[in-house]
1. If a residue must be assigned to a strand (DSSP E or B) and surrounded by 20 or more Cβ atoms within 10 Å (Cβ to Cβ), how many such residues does segment 91-119 contain?
2. Failed condition for G146, given (1) on the phi > 0 side of the Ramachandran plot; (2) in a loop (DSSP other than H, G, I, E, B), with all others met?
3. I'm trying to understand the selection: among the residues of segment 45-74, which are surrounded by 10 or more Cβ atoms within 10 Å (Cβ to Cβ) and basic (K, R)?
4. Sort through R160, R187, R165, R176 and tell me the only one that's modelled with pLDDT under 95, of a type in the set (K, R) and in the same structural domain as S92 (by TED's automatic domain parsing).
5. Taking S9, is it more than 23 Å from the chain's Cα centre (by Cα) and at pLDDT 90 or above?
Amino acid sequence: MKIERSIYSDDCSAESAPYKDKPIAELEALRGVTVAAEQAVFDRLQEIAKEWAVCAAQTLVLDKAIQYTKVPQAEHTDNFWYENRNGYHEISNATYEMYYRISEQIRYDQALEKSVPEAWYLTWTLNTNAPTSSDNYQHRNASFAGQTQKRFTDKVDMERYLAGRIAAYAHLFAERFPPVPSNYAKRFMINGHLLPGYTVAGDDISKPPKPNRERLLAGKSTPKKQKERVR
């Protein structure tokens, strides 16, 4: 709440004319009356300001509730692998997302008279997939595992390594809303409340919660008719 009022005048000769011949003591006494009147009005404004604060506090509570309900659900692939337009393979749910991309290094083979691959580069990352909106811009996804441009000279070795990485985190992609690690919980909260559908678990995401939890097939994208991202 902010109210500003100022009274000033470059020329108040007409208003001050009746007082110009009065004794100073009388003028100061009259001024004391007007100052007291100012203070009385100000005190009433203070009481009104207290009433305003009660209303404004309730408005703030409702604003926070609206902010919470406006956050959209995270987009995800519903735990299916698919290849996006940029050549990245992705699997995701409402809590996690994992990407990988493979690129080849080509050389020209004089004996074969054609270009052949001589190395493969693997980039992969595992992130949180927290819902985001303009009201919750601070909830940027956290990357807690991954490698960039890891080089292999044998494609089979690269595929075996990638399959191992996918298998290591497959337990995170067995349900639509897997529990959120407690150390990442704030990314899934708005105004101190966990967003709908989420629960909080322990800190270690590298171990599956149950030894016999079903694993996803490693490194396989869906067929040409790919699974779209869902909300």
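1. The first filter runs over segment 91-119 and keeps only residues assigned to a strand (DSSP E or B), leaving 91-92, 96-109, 114-119.
This time we only want the ones that are surrounded by 20 or more Cβ atoms within 10 Å (Cβ to Cβ), so: 91-92, 96-98, 100.
Looking only at that region, the number is 6.
2. So the condition that G146 fails would be (2).
3. K64, K70
4. Selected residue: R187, the only one of R160, R187, R165, R176 that is modelled with pLDDT under 95, of a type in the set (K, R) and in the same structural domain as S92 (by TED's automatic domain parsing).
5. Numbers: more than 23 Å from the chain's Cα centre (by Cα): yes; at pLDDT 90 or above: no.
Against the criterion (more than 23 Å from the chain's Cα centre (by Cα) and at pLDDT 90 or above), S9 does not qualify.
Rundown of residues vs (1) under 30 Å from G164 (Cβ atoms); (2) modelled with pLDDT under 95, yes/no style:
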{"residue": "Q39", "(1), (2)": "no, no"}
{"residue": "K64", "(1), (2)": "no, yes"}
{"residue": "I91", "(1), (2)": "yes, no"}
{"residue": "R107", "(1), (2)": "yes, yes"}
{"residue": "L112", "(1), (2)": "no, yes"}
{"residue": "T125", "(1), (2)": "yes, no"}
{"residue": "A130", "(1), (2)": "yes, yes"}
{"residue": "D135", "(1), (2)": "no, yes"}
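The values are calculated or read from the model by the stated rules, or taken from the named source; none is laboratory data. No experiment lies behind these values; they were computed from the predicted model shown. All Cβ positions, even for glycine, are placed from backbone atoms using ideal geometry, and neighbour counts span all protein chains on display.
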